[in-house]
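J.: Okay, here's the structure, questions in a sec.
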């Protein structure tokens, strides 16, 4: 099942700070939903264990996360490929940071997810809403926390 | 009236005081799940689960219930109208339980009704509407309308005011039902597309308001 | 003496089923039992780059892990057993575990065997699969186009076969006909949903070299053969037991990789191994049904005489050719294009197409519901186009009662029929004219009432073995019975078929008890164990009573003939002078000189005083091979009211008049009709398996796949006419699938009739409120 979501929250911080936060895997993990552990393989590759639910189905995903196409401090691509019992997921997010005012930026994000196996097959009614909620709240939270820390 | 969160649907159906004061709760409960689910499932469990297409949440919204949440740190009260945050997502924090549902006394002579369209497999609502209408001196004094199944969370229709002070003729009800869907980002899935869901929601709203008005005394 | 034939006695199998005392495959528990779990592809289509099972092998409780590469030379591919001739059939290999490519979500990748079910399942998560994703294709018509993703190297354009049926000269008929119409018709993919999911438990005894395999099977002898092919173990060293089987609807006919995998594991490990699917696995792995895209044309005269039918059908086969798959949309579909009508010119082309989806095979009705649906739908469209009542169009084209046996344009010969009789009876029950008047009045009030009338016939009672051979079915289609009389005069019948809900344990006991004048309790029916039962071909295609029941009848007659020989000897009379009366052979004119069946049973089994040259024992085996299929028929009528505001369909009345010949047990017949009609209404109203464009199954649970519930279904009014079949000694025809075949077009035609004033002509199944509403909106907008 393919899902596409996007958003463009404004962040009360300059692009350089947003960029720095995006590359800080511990910071990103701290705002991501259900993260249980994160381990850096190198500065572009990470192993993440994350647990979340779709309706009454709770799943633990093992994710390989990669940062690529880095154009500091403007844009990058964040890809995650993961698996859970009987299931698989690929998320590809394009991120672009634009300055909007002094000390303010806009973070445009465009996420395409592909969900496979059991999660897709239980999710006809539930998946889209849940995935949207998870994705949007992640970036909303990211924006808020970046702003908080840069005060 | 206070309902403990672990009250089963069966106990709700069997409660005479509840039927007398909030007949809509019993009416809706009859449509929840099947016999086994009603015997084991609880009102608190269902509300805390916050399925975006469940039948009970819109009833709580029109009745303006308050939920009592408890954790080790203490109790707090949250209006039902601020409880639901997203699909399966509520204001409940980790370590916090929904323990009680508090219902204010309904307005005198209020009529209540629920209309819904079920998805054939799950029985969950493709779209459902709960309505409460109170009449005073021959005109509508209060009207509440809430939906389930339509969007990411159950929600209260913000604009029922045009009905206040009217006799609630079909056109006025139709306009309120129409207005209730303005700007709503409706769900779209294999069971019902966006346009059909919005249409069903309008029909459900009209039917629920009409029936609630008919029941008001 | 009253006969049991025709008596609606209660089903003897029910008490154990409803009290939880039945033994199903998953109930089998053996010392040292191991549990299997199968890692299944999450991709619809991908190359397998690497399958790393190292971690899984180390996990606690895991005994063994096998991959496709491990088994490549040890277990043969899953065979396809219906190799339909003259259609350029291409059956690429279907390995029991994928080796280099996966072709549907659910395709097996690795087998884990562990000390517990939980350990086996947990170990699946430790297997790392490196996929190289490929594009998926789920629509059979699209899959057959150039440029579509290719599943198999040697199957260009994914076309597994191109099968044609012709009779008369359809092109000429269309060129000359004053009225022509065409419609694209979809037969959505359905999930069979037997209450009991599939399971297999294999136990190989290294001491004896024997493999016993319990399988959820509709046809244990076919499974024994297929298991022999896959495991390479000779057939005489395999025993297949199908214990209680909780429904099949066709999904438990095919041979699957799963039973071969547990059998191999048991052979390899020397311990018993069991695998049981849950519903989620069942929906991904157990065969699906239907899945046609049909382009249909019909032509005729302005006064309602149908002169031609043409079809072009794309039948989805899924990722591989399942056991009987090629025969379903061809032999069981295209040959039935004439239905109960005399249609002189027919031309059909069916493309079997591989798609990146779960394999498709026989599902209740199997090909015939699709044929009946397209024909009945076209007739209603035709009637509307020429402005004639749809019942009159049908009446005008039905094969006349005096023309049987009748050979239709597709070349098959219908055994017997009284199509007008069933139609008249059904019309009388509904009071057709009265309903039309009510409908006209309702329309004036803005209410939408509709009526659908289906006259159908279907081919079942499969079938003559010679024909089976000629159409490429890899087996016979006779069936068998041993009737064995015990010394105390009680009887067991061992049958080659395998009833799994249809009630033959009761009806076959009725046949035997009648023959011997016994109380029905004195007869037991045994099925499902290849060690005990003679070679048979199973329960499907509404064949069990017509074919296996006839074998039971013939075997019982043989036993009785022998008993008569013994009676004549003991009574010192000529056989010709004996009468059979009240369970005794009586000497004509000497009512006091008689031998009861019990006395003869005892004498035959102790053999103290047998006729010269007659062997001891009282049993007989019969293999019954019918001379033709049987063709049950009838008329179904449904009336509906459609809420045009919401698209909801309310069934007002449902009438089923069926003719399955003489009924052994009318209560069971009624139960079969009810079940079939409900299953068909599920198809018509709410069931649909949905894949997204990436080949992910979105309706993977009962929360999204809408199997009908009792509260959603109408009361069904049944009636019957009785036209015996000349092709078997019981005169019976099958009735297990008629309901599913007839009800789908009946409901859809009723809804389309209701919405005729709004300009709706056709709605694709299932007629969910959303689809009905959308069709109304499109008709209002003038869009088509």
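J.: Here's a check for you: in the range A:97-122, which residue that is assigned to a strand (DSSP E or B) and within 14 Å of chain C (Cβ to nearest Cβ) is surrounded by the fewest Cβ atoms within 10 Å (Cβ to Cβ)?
T.: Applying the filter and picking the extreme gives A:112.
J.: Could you go through the range C:658-667 and let me know if any residue there is surrounded by 19 or more Cβ atoms within 10 Å (Cβ to Cβ), within 9 Å of another protein chain (Cβ to nearest Cβ) and modelled with pLDDT of 95 or more.
T.: no
J.: Quick check: is even one residue across the range C:705-723 crowded, with 24+ Cβ neighbours inside 10 Å, within 14 Å of another protein chain (Cβ to nearest Cβ), part of a loop (DSSP other than H, G, I, E, B) and touching a helix residue (DSSP H, G or I) at 6+ places or on another chain (Cβ under 8 Å)?
T.: yes
J.: Any idea which residue in the range B:147-177 is farthest from the chain's Cα centre (by Cα), counting only those that are within 14 Å of chain C (Cβ to nearest Cβ) and more than 30 Å from residue C:699 (Cα to Cα)?
T.: B:170
J.: Tell me, yes or no, whether the range C:658-678 has at least one residue that is part of a strand (DSSP E or B) and under 30 Å from residue C:771 (Cβ atoms).
T.: Taking every residue of the range C:658-678 in turn, at least one turns out to be part of a strand (DSSP E or B) and under 30 Å from residue C:771 (Cβ atoms).
J.: Report, by residue number, each residue of the range A:1-33 that is part of a loop (DSSP other than H, G, I, E, B), closer than 24 Å to residue A:84 by Cβ and over 12 Å from the mean Cα position of the chain (by Cα).
T.: A:1
J.: Hey, another quick one. Inspect all residues belonging to the range C:685-701 and state whether any of them is assigned to a helix (DSSP H, G or I) and either away from every other protein chain (no Cβ under 12 Å) or touching a residue at least 40 places away in the same chain (Cβ under 8 Å) (or both).
T.: Yes: the range C:685-701 contains one or more residues that are assigned to a helix (DSSP H, G or I) and either away from every other protein chain (no Cβ under 12 Å) or touching a residue at least 40 places away in the same chain (Cβ under 8 Å) (or both).
J.: Could you go through the range C:737-746 and let me know if any residue there is in a loop (DSSP other than H, G, I, E, B) and over 26 Å from residue A:55 (Cα atoms).
T.: yes
J.: Something else: Please list, ordered by residue number, the strands (runs of 3 or more DSSP E) wholly in the range B:24-101 having 3 or more residues that are within 14 Å of another protein chain (Cβ to nearest Cβ).
T.: B:84-86
J.: Could you grab me the full set of residues in the range C:94-124 that are touching a strand residue (DSSP E or B) at 6+ places or on another chain (Cβ under 8 Å), part of a loop (DSSP other than H, G, I, E, B) and either surrounded by fewer than 22 Cβ atoms within 10 Å (Cβ to Cβ) or within 11 Å of chain A (Cβ to nearest Cβ) (or both)?
T.: Answer for the range C:94-124, where residues must be touching a strand residue (DSSP E or B) at 6+ places or on another chain (Cβ under 8 Å), part of a loop (DSSP other than H, G, I, E, B) and either surrounded by fewer than 22 Cβ atoms within 10 Å (Cβ to Cβ) or within 11 Å of chain A (Cβ to nearest Cβ) (or both): C:99, C:100, C:105, C:106, C:115, C:116.
J.: Identify, from the list A:72, A:99, the residue that is within 19 Å of residue A:7 (Cα to Cα), touching a helix residue (DSSP H, G or I) at 6+ places or on another chain (Cβ under 8 Å) and touching a residue at least 24 places away in the same chain (Cβ under 8 Å).
T.: Just a single option satisfies the conditions, and that option is A:99.
J.: Additional query: Among the listed residues B:134, B:120, which satisfies the condition of being surrounded by 18 or more Cβ atoms within 10 Å (Cβ to Cβ) and assigned to a strand (DSSP E or B)?
T.: One residue alone meets the criteria, B:134.
J.: Still on this structure, I have one more. Right, residue C:502: assigned to a loop (DSSP other than H, G, I, E, B) and either within 30 Å of residue C:528 (Cα to Cα) or touching a residue at least 24 places away in the same chain (Cβ under 8 Å) (or both) or not?
T.: Yes, satisfied.
J.: Which condition from (1) in the same structural domain as residue C:755 (by TED's automatic domain parsing); (2) in contact with a helix residue (DSSP H, G or I) (Cβ under 7 Å, 6 or more places away or on another chain); (3) in a loop (DSSP other than H, G, I, E, B) is the one that residue C:409 breaks?
T.: (2)
J.: Any idea which of A:125, A:140, A:94, A:81 is within 14 Å of another protein chain (Cβ to nearest Cβ) and part of a strand (DSSP E or B)?
T.: Answer to the selection: A:81.
J.: Being touching a strand residue (DSSP E or B) at 6+ places or on another chain (Cβ under 9 Å), crowded, with 18+ Cβ neighbours inside 10 Å and closer than 30 Å to residue C:435 by Cβ is the filter here, so list the residues in the range C:379-413 that pass it.
T.: Once the filter is applied, which keeps residues that are touching a strand residue (DSSP E or B) at 6+ places or on another chain (Cβ under 9 Å), crowded, with 18+ Cβ neighbours inside 10 Å and closer than 30 Å to residue C:435 by Cβ, the range C:379-413 yields C:379, C:380, C:381, C:382, C:390, C:391, C:393, C:394, C:397, C:398, C:399.
J.: Restrict the check to the range B:167-183 and report whether at least one residue is in contact with a strand residue (DSSP E or B) (Cβ under 9 Å, 6 or more places away or on another chain) and either assigned by TED's automatic domain parsing to the domain that holds residue B:65 or surrounded by fewer than 14 Cβ atoms within 10 Å (Cβ to Cβ) (or both).
T.: So far as the range B:167-183 goes, yes, one or more of its residues are in contact with a strand residue (DSSP E or B) (Cβ under 9 Å, 6 or more places away or on another chain) and either assigned by TED's automatic domain parsing to the domain that holds residue B:65 or surrounded by fewer than 14 Cβ atoms within 10 Å (Cβ to Cβ) (or both).
J.: Also, I was wondering about something else. Quick check, is residue C:736 within 14 Å of chain A (Cβ to nearest Cβ), over 13 Å from residue C:681 (Cβ atoms) and crowded, with 22+ Cβ neighbours inside 10 Å?
T.: Considered against the rule, which asks whether it is within 14 Å of chain A (Cβ to nearest Cβ), over 13 Å from residue C:681 (Cβ atoms) and crowded, with 22+ Cβ neighbours inside 10 Å, residue C:736 comes out as no.
J.: Let me ask another. Just for the range A:1-40: of the residues that are within 14 Å of chain C (Cβ to nearest Cβ) and touching a helix residue (DSSP H, G or I) at 6+ places or on another chain (Cβ under 6 Å), which one is modelled with the highest pLDDT?
T.: A:3
The values are calculated or read from the model by the stated rules, or taken from the named source; none is laboratory data. Please read all numbers here as calculations on a predicted model, not as lab measurements. Please note: Cβ atoms are built from the backbone with ideal geometry, for glycine as well, and neighbour counts cover all protein chains shown.
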